[in-house]
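Student: Handing you a structure now.
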């Protein structure tokens, strides 16, 4: 046979037409054409262990094909350049890029392992920290990147909205991907903003919340911002207003005052007791943990009362402490017998001078 048109025909078996060979067909359209008019095997390959490979028409799939590795413990493998690239083993596991059926325990290597009725594993031995393990690329409109289901019903979504990543369901989060850098509550199921998401419940609460800024309570303007909470013990000093005055000795066990700062309001409580003689003079001053705010109309600096007791003199009438707006200290005032207001003098304190204080004031920050 020297021409492409030469024809060899073995009836009901093989047809050779030019460079094409037909089995079960008298008009082969490709180098090898195999036709089977009934359901069943088209090609079988037999090795030492019997029928190892079957390719045929699938009866339940309207002519769909099947490729069957017949041996009970053998795998079906796809190879390139002599290396296995994909495996379907006898247990139904599908392995791509690996032959390791326990890929989830591997400390090196990579691939994809899909196990029936078990987990699907994607692993990679990373050689480039900037290369992601998995890329999901949604082109066109925003939408769902991944949907999670339980018993057929959706329970969560990872998607995009306004070009941002969203995670959750009816209660979810939207993560801003531009320079605004915010995280907001988001109804991912309905792809809409929401203001009805709570953080925790009455009996399911978070433990600690660490913030470097503040919290807006009940509104979004500056007056609603709570940006500080602090409590502790203030080691105070008593001095006189006159320049160069020494500090007044304080009795051991009474050297600290408790304070609580909520936002801009500071509350001071405790007991002061002096001890020993001194040469301090001028108006009696008590150091404070924070300087008082200089607000208009003297708002915020008015102080609560205190109780002062001295065994060597009478009790001061209506004593109060007035914080300074220039430095962190307060001066003590009282009503004189003539009805005037005067400062308590440091040189009037002695070893038995006692002050009970409980007062509040505002700071600038």
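Student: Residues of region 310-335 being buried (at least 18 other Cβ atoms within 10 Å of the Cβ) and modelled with pLDDT under 85, which ones?
Tutor: The one that is buried (at least 18 other Cβ atoms within 10 Å of the Cβ) and modelled with pLDDT under 85: 316.
Student: What tally of residues in region 115-151 results from selecting those that are in a loop (DSSP other than H, G, I, E, B), without any contact (Cβ under 8 Å) to a residue 24 or more places away in the chain, under 27 Å from residue 170 (Cα atoms) and out of contact with any helix residue (DSSP H, G or I) (no Cβ under 8 Å at 6 or more places or on another chain)?
Tutor: Counting residues in region 115-151 that are in a loop (DSSP other than H, G, I, E, B), without any contact (Cβ under 8 Å) to a residue 24 or more places away in the chain, under 27 Å from residue 170 (Cα atoms) and out of contact with any helix residue (DSSP H, G or I) (no Cβ under 8 Å at 6 or more places or on another chain) gives 10.
Student: Search region 301-326 for residues that are in the same structural domain as residue 354 (by TED's automatic domain parsing) and closer than 14 Å to residue 357 by Cα and pair each with any residue that is assigned to a strand (DSSP E or B) and modelled with pLDDT under 80 when their beta-carbon atoms are under 6 Å apart and the residues are at least 6 apart or on different chains.
Tutor: 320/305
Student: Follow-up question, since we're still on this one. Going through 239, 255, 260, 235 one at a time, which residue ends up being more than 48 Å from the chain's Cα centre (by Cα) and in the same structural domain as residue 347 (by TED's automatic domain parsing)?
Tutor: Sole residue among the options that is more than 48 Å from the chain's Cα centre (by Cα) and in the same structural domain as residue 347 (by TED's automatic domain parsing): 239.
Student: Within region 290-308, does at least one residue satisfy the condition of being at pLDDT 90 or above, closer than 24 Å to residue 225 by Cα and not in a strand (DSSP E or B)?
Tutor: yes
Student: Could you list all residues from region 181-199 that are loosely packed, with under 10 Cβ neighbours inside 10 Å and within 18 Å of the chain's Cα centre (by Cα)?
Tutor: Passing the criteria: 181, 182, 198, 199.
Student: Name the residues in region 242-260 that are surrounded by fewer than 17 Cβ atoms within 10 Å (Cβ to Cβ) and touching a strand residue (DSSP E or B) at 6+ places or on another chain (Cβ under 7 Å), would you?
Tutor: Those that are surrounded by fewer than 17 Cβ atoms within 10 Å (Cβ to Cβ) and touching a strand residue (DSSP E or B) at 6+ places or on another chain (Cβ under 7 Å): 247, 249, 251, 254, 255, 256, 258, 260.
The values are calculated or read from the model by the stated rules, or taken from the named source; none is laboratory data. Note that the structure is a prediction, hence the values are computed from the model and not measured. FYI the Cβ positions are ideal-geometry reconstructions off the backbone, even for glycines, and counts take in every protein chain you see.
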